[in-house]
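Just below is one structure, and these are the notes that go with it.
Readers should treat all values here as calculations from the given coordinates under stated rules, not as data from a laboratory. On a predicted model such as this, the values are computed, not experimentally measured, just so you know. Every residue, glycine among them, receives a Cβ derived from its backbone with ideal geometry; neighbour counts consider all protein chains shown.
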Amino acid sequence: MSIAGPEKIAKKASELDCLSVAYTYNDPVIFHEYAIDTAIACRELGIKSVSVSAGYVCPEPRAEFYQHMDAANIDLKAFTENFYRKLTGSHLAPVLDTLLYLQHETSVWLELTTLIIPGENDSTEELEQMTQWVVENLGSDVPMHFTAFHPDWKMQDKPSTPVSSLLMAREIALKNGVHYAYVGNVHDKAADSTYCHACGHLLIGRDWYQLSDWNLTESGACAACGTQCAGHFAAKPGDWGAKRLSVKM
């Protein structure tokens with residue numbers, strides 16, 4: 001049986017012209033050492049590393065882990081202690097601490113994802129508090145993704161998230177100063193796309209994984225008014241879209 005060791009993963013990613021490798025499913029804090037070794041091997045070949053995590057990790061391993069990461073998408077699952085305690089068996093405060101650490105003590109590019117679950121974390125009050133905290137403590141340029149829940153495994157008693165709930169969350173985020181707010185797990189080009197926060201011009205048109213419009217300069221600025229769009233961009237858009245590729249290691 002072939003083992004997908006760190007060097008093998010990095011080599012295969014390089015052969016496939018991958019710009020980055022993501023560590024997810026399960027949370028990379030579970031395979032801490034393996035993810036770090038892989039990120040080191042990838043960095044030697046010029047390949048970036050992206051952590052997809054719940055952000056629930058102690059300060060010491062967190063510092064060790066994120067010195068090898070280039071970007072992180074952290075699940076901010078809700079904004080109440082009750083949700084975290086009841087549904088995850090954990091606590092909210094350590095997650096917020098990780099967000100503050102990543103944004104203010106590292107160079108890691110940070111984005112947030114919240115799975116909107118009907119009746120659990122979708123109230124306007126909670127979304128107001130969450131998005132206000134993000135802007136006040138992390139800044140307006142941290143993107144927020146509000147994604148649709150569907151009933152599965154141990155939570156089949158909840159309905160799927162209405163698109164209206166996702167759009168409401170996005171509107172609350174934009175109202176409170178978040179520059180880049182998106183919906184996810186649904187097809188909605190208008191709410192999936194990126195707009196210039198200064199002039200409102202459409203910068204990147206998206207429908208799920210498919211790109212349409214691309215109105216950024218080579219430096220990542222708005223082609224209409226010249227305002228820089230927060231993020232890390234190639235000079236030209238890619239064309240991978242929704243394709244899937246089976247990889248043999």
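Here's the picture: charge each Lys and Arg Cβ at +1 and each Asp and Glu Cβ at -1 in the chain, and of 230, 38, 131 the one pushed furthest to the positive end of that dipole is 38.
If only the Cβ of Lys and Arg carry +1 and only the Cβ of Asp and Glu carry -1, the dipole of the stretch 176-240 around its Cα centre is close to 100 debye.
Legend: ranking of residues 38, 80 from fewest to most surrounding C-beta atoms inside 10 Å; resulting order 80, 38. For residue 21, the amide hydrogen comes within under 5 Å of the amide hydrogens of 48, 49, 50, counting only partners 5 or more places away or on other chains and with H modelled in the peptide plane. Rounded to the nearest Hz, the phi-derived 3J(HN,Hα) couplings of the stretch 143-158 under the Karplus curve 6.51 cos²θ - 1.76 cosθ + 1.60 (θ = phi - 60°) are x, 10, 10, 10, 10, 7, 8, 9, x, 7, 6, 8, 10, 9, 8, 9, where x marks glycine and proline.
Note on the chain: helix-only mean residue ellipticity at 222 nm, from DSSP H runs of 4+ residues weighted -39500 (n - 2.57) and normalised by residue number, equals -9000 deg cm²/dmol.
Which option, (i) 15.8, 44; (ii) 18.5, 55; (iii) 16.9, 48, is the value of Rg and Dmax of the Cα atoms in Å that was calculated from these coordinates? Answer by label: (ii). Of all lysines in the structure, the ones whose alpha carbon falls short of 20 Å from that of residue 175, not counting any fewer than 8 places away in one chain, are 189. For 62, 85, the sequence from fewest to most other C-beta atoms within 10 Å is 85, 62. The charge dipole of the chain, taken about its Cα centre with unit charges on the Cβ of Lys, Arg, Asp and Glu (plus for the first two, minus for the last two), comes to roughly 620 debye.
Of all DSSP-defined beta bridges confined to the chain, some 25% are antiparallel rather than parallel. Think of it this way: in the chain, 18, 42, 58, 229 stand alone, with no other Cys Cβ under 4.7 Å. Under 5 Å from the amide H of residue 184 lie the amide H atoms of 146, 147, 148, each residue being 5 or more positions distant or on a separate chain, with H modelled from the backbone and absent for Pro and chain starts.
Going by neighbour counts of Cβ atoms within 10 Å, the residues 147, 194 line up, fewest first, as 147, 194.
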